[in-house]
Amino acid sequence: MLRAFLSRMAQTLFVLFGISAMVFGVFFATPGMDPTARIAGRGASPQVMETIRKEYGFDRSLPVQYGIMMKKLFITRDLASYANRGEHVVPEILHAAPVTASLVCGAAVIWIATSLLAGTLAAAMKGRMIDRMIMALGMVGISIPVFWLGEVMNMLTQSRYHDRWWFAWVPPPGYIPLTQNPLGWFLSLVIPWCVLALAFTGIYSRVLRADLIALSHEDFIRTARAKGLSPSRIMLRHSLRMALIGYTALFGMDFAQLAGGGALMTEVVFGLPGVGHLTYQALSNMDLPLIMATVMYSATFVVVANALVDVLHMALDPRIRPSR
Amino acid sequence: MNTSSTQPERLDSSGPWKTALIGLARDNTARFAWLCLLLIVLSCLMAPFYAARIAHTDPFSANVAGSIMLDGQEVDLMQPNDNPLHLGLSPIGPTWHTHYLLGADSQGRDIAARLLYGGRNSLLIASASATLCLVFATLIGVVAGFMGGVVDSVLSRLMDIMWAVPVYLFAICLSIVTITTGLHLGPFTLEGNSLLVPVMIIALVYMPYAARPVRARVMSLKTAEFVTAARCLGVPRWRIVLFDILPNVSDTLVVLGPLVMAMALLTESALSFLSIGVQAPASSWGTMIQDGEGLIYTRPVVAIAPGLAIAAVVLCLNILGDSLRDHLDPRSAGREP
């Protein structure tokens with residue numbers, strides 16, 4: 001167990017190194033442009049350029065540059081954005097993280113609840129009308145571009161039907177901190193939660209249904225049926241429990257990706273100042289240090305979260321542990 | 001597939017492809033999806049004809065001061081807003097006539113015609129990047145799966161690393177770098193506003209997604225009996241890869257094709273919406289949604305129409321991918337009655 005854990009950690013470290021090298025390479029080692037100009041942004045003076053060249057060591061070799069960049073990102077945390085008046089990048093990201101966390105956690109609760117219900121129901125009613133309807137709806141949910149759905153929901157809730165009672169409660173787009181006004185926080189996030197959760201509800205209920213149906217041919221389910229257990233008991237106590245192993249693995253990956261900035265489109269459309277929105281603003285200012293920092297942080301987060309999920313799985317499910 | 005199927009005594013020798021095609025032809029949903037997709041592609045190909053002969057507009061030039069004839073009356077393209085003070089102008093809504101069928105956008109251009117032109121770019125980028133992605137994925141998957149050893153572990157780790165970065169963030173990284181300066185790799189130069197930029201970015205971003213199943217398939221084929229037999233007969237490795245492995249990977253690729261294309265279309269529209277995908281003056285469904293964002297409260301149709309088009313195409317592609325999997329994969333639940 002310990003050895004498996006250690007080897008997983010070593011693997012994680014390797015992947016982290018790989019990602020940081022890749023992102024660094026994309027930004028600062030692509031041929032064609034001076035990286036100093038990239039950091040400085042548009043219309044920087046020669047003095048500023050010279051300072052940056054010294055500060056980031058762009059007159060030295062690539063490994064040294066990489067080392068300086070990593071130090072600035074993770075150890076001294078003083079990577080500054082020149083496009084945005086020298087503001088420090090890392091605190092900005094940490095400040096935006098709670099917004100993203102609120103959005104993603106709420107959406108996750110919604111999509112877990114709905115997909116468990118829909119997937120189990122569809123598997124239990126396999127081949128019937130309800131099953132087909134749930135699966136068709138799931139497919140439609142997967143196919144809708146999330147940013148477009150957000151725009152349309154904004155239009156419906158903010159303008160078209162805002163004077164009707166069913167959407168009158170929706171506050172103007174933006175984020176209200178939980179500590180300031182819990183009810184406002186909840187109300188302002190309900191629509192973004194539902195929009196973000198829709199596609200995942202579709203994916204997860206389809207995956208869960210497929211897993212449950214595949215399991216129904218397994219020996220232990222046949223045994224349970226032969227033993228005379230009721231279909232609902234077999235479904236809930238035996239099949240669903242088994243299917244949840246794959247489901248949680250999928251969930252861990254998607255959740256980490258979203259929390260690491262994958263919810264960018266939803267944040268942009270609803271004006272939520274999270275990590276993804278920060279990246280979007282950096283895009284319009286051409287603020288490369290900020291973009292690089294968000295990507296690096298999100299990738300780190302994703303990798304570490306995946307490793308944690310794996311370790312948790314190893315602890316929970318003895319079959320996943322590598323045999324000695 | 002590699003056993004000879006021309007033996008005279010096997011009359012019902014239906015290969016997996018034939019079985020799959022028969023199944024697909026019987027699948028009503030899949031037939032409907034094919035039909036819809038065909039209609040959309042054909043109408044997008046007809047875009048110049050529609051603009052010149054039916055709508056009589058130029059969908060690429062601003063026409064803010066223009067007016068059109070509706071039921072014998074001359075109507076301005078830009079109309080006063082509906083608000084009490086009549087402040088500001090908003091473009092004309094859907095006329096449901098041949099001129100400006102779906103109304104005009106903020107620059108007085110015909111949305112219906114732009115929708116068809118934008119669809120050409122969107123569909124072109126999606127299909128080109130899906131093809132490119134599958135070609136690279138096959139290359140990597142076959143090399144990694146067949147060579148094994150160090151090559152395999154290096155390539156697999158590389159795929160792991162690429163897949164750990166959230167897809168949209170990775171795509172943003174790549175496009176911000178290429179759009180600002182273009183790409184210069186030796187003799188090969190790519191301008192920042194070329195359509196090839198989003199194609200290459202999307203292909204690269206989804207490569208790990210497609211390469212993994214290909215690699216897994218090649219790994220299992222490598223130990224299959226007919227490959228061992230070929231090796232024992234002294235068939236060179238390149239012949240084994242070309243004539244034994246690749247034909248058997250093709251069904252995986254056929255199933256992945258529509259799914260990757262659906263994801264590519266969604267990613268392209270998202271990147272264009274963030275204005276780092278297709279660059280002006282070219283347009284796509286994503287840039288059209290971005291154009292309509294400012295008008296979403298007054299003229300929602302400007303943004304809704306291209307979004308519906310994206311959703312329709314992605315839905316058709318997902319249905320096709322699903323039914324292809326059901327009919328090509330003998331283990332899948334779709335084979336059961």
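The values are calculated or read from the model by the stated rules, or taken from the named source; none is laboratory data. Note that this is a predicted model, so its numbers are computed, not measured. Cβ placement follows ideal geometry from the backbone for every residue including glycine, while neighbour counts extend to all protein chains displayed. Heads up: the accessible areas ignore ligands, DNA and RNA and are worked out on the full protein's heavy atoms, side chains in. Shrake-Rupley method; radii C 1.70, N 1.55, O 1.52, S 1.80 Å.
Numerical summary
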read-out	value
Total residues in segment A:272-287, condition open to solvent by less than 10 Å² (accessible area, probe 1.4 Å) and farther than 14 Å from A:Gly260 by Cα	3
Test for B:Arg120: is it of a type outside the set (A, V, I, L, M), under 30 Å from B:Phe60 (Cβ atoms), out of contact with any strand residue (DSSP E or B) (no Cβ under 6 Å at 6 or more places or on another chain) and at pLDDT below 90	no
Any hit, segment A:249-260, residues being more than 18 Å from B:Val167 (Cα to Cα), crowded, with 19+ Cβ neighbours inside 10 Å and of a type in the set (A, V, I, L, M)	no
Enumeration of residues in segment B:75-90 that are at pLDDT 70 or above and open to solvent by 70 Å² or more (accessible area, probe 1.4 Å)	B:Asp76
So A:Val302, is it without any contact (Cβ under 8 Å) to a residue 60 or more places away in the chain, at the interface with chain B (Cβ under 10 Å from one of its Cβ atoms) and under 16 Å from the mean Cα position of the chain (by Cα)	yes
Residues of segment B:279-315 classified as more than 7 Å from chain A (Cβ to nearest Cβ) and either of a type in the set (Ser, Thr, Tyr) or within 30 Å of B:Ala30 (Cβ to Cβ) (or both), total	13
Any hit, segment A:223-246, residues being of a type in the set (A, V, I, L, M, F, W, C), buried (at least 21 other Cβ atoms within 10 Å of the Cβ) and within 21 Å of A:Leu149 (Cβ to Cβ)	no
A:Asp34 vs. criteria open to solvent by 30 Å² or more (accessible area, probe 1.4 Å), within 11 Å of another protein chain (Cβ to nearest Cβ) and at pLDDT below 80	yes
Sole residue being in a helix (DSSP H, G or I) and buried (at least 22 other Cβ atoms within 10 Å of the Cβ), chosen from B:Ala113, B:Ala128	B:Ala113
Positions within segment B:264-284 being free of Cβ contacts under 8 Å to residues at least 60 places away in the same chain, part of a helix (DSSP H, G or I) and either surrounded by fewer than 24 Cβ atoms within 10 Å (Cβ to Cβ) or in contact with a Phe, Trp or Tyr (Cβ under 9 Å, 6 or more places away or on another chain) (or both), in sequence order	B:Phe273
Selected residue [among the hydrophobic types (A, V, I, L, M, F, W, C) and without any contact (Cβ under 8 Å) to a residue 24 or more places away in the chain] from A:Met129, A:Met139, A:Met135	A:Met129
Candidate set from segment A:125-134 (those that are in contact with a helix residue (DSSP H, G or I) (Cβ under 6 Å, 6 or more places away or on another chain) and not charged (D, E, K, R)); member that is nearest to B:Ala311 (Cα to Cα)	A:Ile134
Residue in segment A:144-157 that is open to solvent by 20 Å² or more (accessible area, probe 1.4 Å), among the small types (Gly, Ala, Ser) and either within 13 Å of chain B (Cβ to nearest Cβ) or out of contact with any Lys or Arg (no Cβ under 9 Å at 6 or more places or on another chain) (or both) present	no
Qualifying positions in segment B:192-224 - buried (at least 22 other Cβ atoms within 10 Å of the Cβ), among the hydrophobic types (A, V, I, L, M, F, W, C) and within 19 Å of the chain's Cα centre (by Cα)	B:Val197, B:Val199, B:Ile201, B:Ile202, B:Ala203, B:Val205, B:Met207, B:Ala210, B:Ala211
Segments classed as helices (runs of 4 or more DSSP H), wholly inside segment A:184-293, with at least 3 members that are within 11 Å of chain B (Cβ to nearest Cβ)	A:240-257, A:264-270, A:275-285
Contacts under 8 angstrom Cβ, first residue in segment A:86-98 being in a strand (DSSP E or B), partner open to solvent by less than 40 Å² (accessible area, probe 1.4 Å) and not hydroxyl-bearing (Ser, Thr, Tyr), 6 or more apart	A:Glu87/A:Ala80; A:His88/A:Leu79; A:His88/A:Ala80
Verdict on A:Leu116 being closer than 23 Å to A:Tyr175 by Cβ and at pLDDT 90 or above	no
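To keep it simple, each residue is scored yes or no on (1) out of contact with any Leu (no Cβ under 7 Å at 6 or more places or on another chain); (2) under 23 Å from A:Ser298 (Cα atoms).
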| residue | (1), (2) |
| --- | --- |
| A:Glu50 | yes, no |
| A:Arg53 | yes, no |
| A:Tyr56 | yes, yes |
| A:Val90 | no, yes |
| A:Ile93 | no, yes |
| A:Gly106 | no, yes |
| A:Gly119 | no, no |
| A:Ala122 | yes, no |
| A:Lys126 | yes, no |
